[in-house]
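Please treat every number below as a calculation from the coordinates, not as lab data. All values derive from a computational prediction rather than experimental measurement. For neighbour counting, all protein chains shown are included, and Cβ atoms are generated from backbone atoms with ideal geometry for every residue, glycine included.
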Amino acid sequence: MTYQSGAGSVLGRLGVKDLVNGHHWRTILGGSIMPPEVVDAMAEAAGRFLDLGELNVKAGEYVAKITGADRGMVTSGCAAAQVLQAAACMTGTDEAKIGSLPDTTGMKNEVVIQQSQRNHYDSSYQHAGATLVEIGGEGGATRAELEAAIGDNTAAVAYVWVMRYWGLSLEEVIEIAHARGVPVVLDAAAELPPVGNLTKFVSMGVDLVAYSGGKGIRGPQSTGMLVGRGDLMEAAWENAFSYDKARAGIGRPMKVCKEEIVGLICALELFVDADHETEWAEWRAKSASIVDHVKHVPGLEARVHEGIVYEGPGSPTALVVLGEDWAGRSPEEVQAAMLEQEPPIYIGVGPEPRELWVAPVALQEGEEDLVARRLLAALTGE
Ligand SMILES: *Cc1c(COP(=O)(O)O)cnc(C)c1O
């Protein structure tokens, strides 16, 4: 029997419809689309028995090689890598401590973070049992505030690369934390591409870096990777892969299957070899074609933006800024209107009040034309 696609497929029978993703590699919208080679690699692994620990050790060697880290491992998403970051910094390789998380009695259990970098995903540190110690205000923290927050109970200082525009720089955080013997853990979930970010953070001196595998790398959606300093990676591994211990560690429910490990490595190989300049230029061209379609609408300004856009890694994006005198639909109303027809089209709003945007990175072939037409209609209220 062969698997049936189309209306008779699992998705067809479940009645789950496709959407158009103009909102970046968002987890909730399906992450990214895996290249066919990745799907083939996963299918091959699906038909094999193998030692999962050996597979992840060897996958980790590849991840370490391309990031320049002492050691790496595949995790179930960036969020799980963050759980392991906190766990590793709290337990080290102490078997009793690993077995007792999330109870942190007798451990350093504080993870310091700037208030300006608090986000949806920092609960991962708390899942491991850590207490978040918030410093500074909305605009970030000062050096003195970080220095004062680091004490006998500090397990790590956390930094979120996408939120680096406020407060202390990563360089300053590394300098201050390392002067006190405290590791720095980084959330670099959606920071690939640019490909240079594979090595950047390790070379800056970050102790543990967490990435998503299912965003710009286009690996399986629930993969991620953790890389960093040898002793802390050993501690992270023991928290995740504690099969030889009496009790499973905090990472056990965050298992990665063989298909996903193999799929992520295949996706990484393709990512490392990809022509990133050409791809970037394609995103710029798609953004420009959307901009060109709507820029004549009176009262708004449309342009291709490269730099930070809400949760984005700075890749080219079609940005629409509604003018002071704009009397038409609000960004949120335009966003809602784009979802009303089939297929629903997801776009972004913000970060400034009158802005909306389309990120082309997750658009499939030709979808930019559909998005441009529907965006024009939504803006003009048709
Ligand atoms: C997507 C994201 C995560 C979580 O990544 P997963 O791979 O989905 O677990 C964490 N932090 C940030 C900033 C993200 O964008």
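Angle of helix 367-380 to the longest C-alpha principal axis of the chain, folded into 0 to 90 degrees and rounded to 10: 60°.
Relative to the longest principal axis of the Cα atoms of the chain, the long axis of helix 276-294 makes an angle of roughly 40 degrees.
Is the chain rounded, prolate or oblate when judged by the Cα gyration tensor, a ≥ b ≥ c being the square roots of its eigenvalues, rounded requiring a/c under 1.5 and prolate requiring a/b larger than b/c? Oblate. Computed from Cα positions, the angle between helix 258-273 and the longest principal axis of the chain comes to roughly 60 degrees. Farthest towards the positive end of the charge dipole of the chain, among the residues V185, L14, V361, is the Cα of L14, using unit charges on the Cβ of Lys, Arg, Asp and Glu.
Calculate the FRET efficiency for I33 and W326 from the Cβ-Cβ distance with a Förster distance of 22 Å, rounded to the nearest 0.05. Once the sixth-power term is evaluated, E becomes 0.05. As a proxy for reagent exposure, ranking S212, S330 by other Cβ atoms within 10 Å from fewest up yields S330, S212. Using just its DSSP H runs of length 4 or more, each adding -39500 (n - 2.57), the chain gives a mean residue ellipticity at 222 nm of -12000 deg cm²/dmol after division by all residues.
Evaluated over the chain, the count of Lys pairs having alpha-carbon atoms less than 14 Å apart is 4 (only pairs 8 or more residues apart or interchain).
Ranked by the mean number of other Cβ atoms within 10 Å of their residues, highest first, the peptides 159-165, 106-112 come out as 106-112, 159-165. When the Cα positions of L198, M254, S315 are compared along the charge dipole of the chain, M254 comes out farthest toward the positive end, with charges on each C-beta of Lys, Arg, Asp and Glu. For the range 98-150, a crude dipole built from +1 on the beta carbon of Lys and Arg and -1 on the beta carbon of Asp and Glu, taken about the Cα centre, is about 100 debye to the nearest 20.
Kindly provide the Kirkwood hydrodynamic radius of the range 1-121 in Å, to one decimal, from all pairs of distinct alpha carbon atoms.
Hydrodynamic radius (Kirkwood, Cα only) of the range 1-121 equals 18.9 Å.
Quick check for me: using +1 on Lys/Arg Cβ and -1 on Asp/Glu Cβ, what's the dipole size of the range 85-241 about its Cα centre, in debye to the nearest 20?
480
Which one of T154, T93, T278 has the biggest mean-square fluctuation once the chain is modelled by GNM with Cα springs under 10 Å? Evaluated over the chain, the most mobile residue of the options is T278.
Counting Lys and Arg as +1 and Asp and Glu as -1 over every other residue whose Cβ lies under 13 Å from the Cβ of N153, the net charge comes to 0.
If you place +1 on the Cβ of every Lys and Arg, -1 on the Cβ of every Asp and Glu, and leave all else neutral, what size is the dipole of the chain about its Cα centre, to the nearest 20 Debye? Roughly 640 debye, rounded to the nearest 20.
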